[in-house]
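Here's the structure, in structure tokens; my notes come after.
The values are calculated or read from the model by the stated rules, or taken from the named source; none is laboratory data. Treat the numbers as computed from the prediction; the structure is a model and nothing was measured. As a convention, Cβ positions derive from the backbone with ideal geometry for all residues, glycine included, and neighbour counts pool all protein chains shown. With ligands, DNA and RNA removed, areas are computed over all heavy atoms of the protein, side chains included. Shrake-Rupley method; radii C 1.70, N 1.55, O 1.52, S 1.80 Å.
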Amino acid sequence: MPSAVISDVHSNIEALGAVLEDVRRRGIGRILFLGDAVGYGPSPNECVELLKEVCEVMLAGNHDRAVTGDTPIEYFNENARAAVLWTRGRMSPENIALLRSLDIIKILEPEGLCLVHSTPRRPEAWHYIITLADAEVNFRYFEQKVCLLGHSHTPFIVEKTPAGELVLHRERVRFSVSSRYIINAGSVGQPRDRDPRAAYAVLTPDGAEIVRVDYDIGETQRKMREAGLPAFLIERLGEGV
Ligand code: ZN
């Protein structure tokens, strides 16, 4: 059974809607969400409610935890912090309670999946996997065949072969019987790999693929301007940075 793996929606309902449409079109019945439903964008309640309706698994990310007041926001940059405070003032108590109830890491057995927003090594520290060296360290901190994560908003697939070699796959991979994998599903609502299209991953028992989907970026930017969110956050959506 194929799964859609989505992460870092960041209150972008236009991007989420386009991704869910693509998921439906492909006939994929299961959706796994890796965290950061909110922060940055203009539609936090809509995104949380839609995710709750369609996702089989839902994790929390650092922005979700910041909005609920469960992780410090001193470490956020000025724009991210402004968006967290804006979001906090607009979310319904029910949606805040829902975000607060979510785990930040989850193991799915027997299929052998580790799901986490940031890293399996220290999920609560919100570290990033940027380099192959970061990936190498993190392979020691989960036992399953595949770890699915997000957080950096940059999709990638890293394979660790039985010989210990690391292989970077950009768009797709076919699973080999004895390799293990770390897959970053990228970001639905705020991609940062210079491709502004929404990103998510399709996972099957045989492999994984990073998918890109066009959405109405201008409409999201219009809502952000109307909401008075920081200009930098509005502009970056158009560039995918
Ligand atoms: Zn994020």
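In whole percent, how big is the carbon plus sulfur part of the accessible area of segment 3-237, probe 1.4 Å, protein atoms only?
For segment 3-237, the apolar C and S fraction of the accessible surface comes to 48 percent.
If I build a Gaussian network model for the chain, linking alpha-carbon pairs within less than 10 angstrom, which residue out of Ala208, Ala125, Ala18 has the largest mean-square fluctuation?
Ala125
How large is ³J(HN,Hα) for each residue in segment 233-241, as worked out from phi by the Karplus curve 6.51 cos²θ - 1.76 cosθ + 1.60 (θ = phi - 60°), to whole Hz, x for Gly and Pro?
5, 6, 5, 5, 4, x, 9, x, 10
Give me the Kirkwood hydrodynamic radius of the chain in Å, from all C-alpha pairs, to one decimal place?
17.7 Å
Find how much the distance from Glu46 to Val177 grows on full extension, using 0.36 nm per residue of separation minus their present alpha carbon separation; answer in nm with one decimal.
So the extension gain works out to 43.1 nm.
Which length gain, in nm to one decimal place, applies between Phe232 and Ala97 when the Cα-Cα distance is subtracted from 0.36 nm times their residue separation?
Using 0.36 nm per residue and subtracting the Cα-Cα distance, I get 45.7 nm.
Which loop GluC sites (Glu not before Pro) in segment 120-157, with loop taken from DSSP, have no more than 16 other Cβ atoms within 10 angstrom of their Cβ?
Glu143
Give, as ranges by residue number, the residues of segment 135-154 whose backbone N falls under 15 Å from the point 7 Å along Cα→Cβ of Tyr128.
Under 15 Å, as judged by backbone N against the label point of Tyr128, lie 135, 150-154 of segment 135-154.
Relative contact order for the chain: what percent, with Cα pairs under 8 Å and sequence separation of 6 or more?
Dividing the mean separation by the residue count of the chain yields 23 percent.
Might you tell me the accessible area per residue for segment 3-237, computed with a 1.4 Å probe and given in Å²?
For segment 3-237, the per-residue accessible area is 43 Å².
By how many degrees, 0 to 90 and rounded to 10, does the Cα axis of helix 13-25 deviate from the longest principal axis of the chain?
Helix 13-25 and the main axis of the chain meet at about 40 degrees.
Using a Gaussian network model of the chain whose springs link C-alpha atoms within less than 10 Å, name the residue from Pro44, Pro120, Pro93 with the highest mean-square fluctuation.
Pro93
Once fully extended, how much extra length lies between Glu53 and Leu85, figured as 0.36 nm per residue of separation less the alpha-carbon to alpha-carbon distance?
That works out to 9.0 nm of additional length.
Which of the chymotrypsin sites (Phe, Trp or Tyr not before Pro) found in segment 1-101 are in a DSSP loop and have at most 11 neighbouring Cβ atoms, other than their own, within 10 Å?
Passing both the DSSP loop test and the Cβ count: Tyr75.
Does anything in segment 26-62 have its amide N under 17 Å from the 7 Å Cα→Cβ label point of Glu111, and if so which residues?
Taking a point 7 Å out along Cα→Cβ of Glu111, the residues of segment 26-62 whose backbone N falls under 17 Å are 26-35, 54-59.
For an R0 of 22 angstrom, estimate the FRET efficiency from the Cβ-Cβ distance between Arg170 and Lys145 and round to the nearest 0.05.
0.60
Starting from the amide H of Ser176, placed 1.01 Å from N in the peptide plane, find each other amide H under 5 Å away whose residue is 5 or more places distant or on another chain.
Those lying under 5 Å, H to H, from Ser176: there are none.
Search the structure for amide H atoms under 5 Å from the amide H of Tyr181, placed 1.01 Å from N in the peptide plane, and list their residues when 5 or more places away or on another chain.
For Tyr181, the qualifying residues are Val146, Cys147, Lys160.
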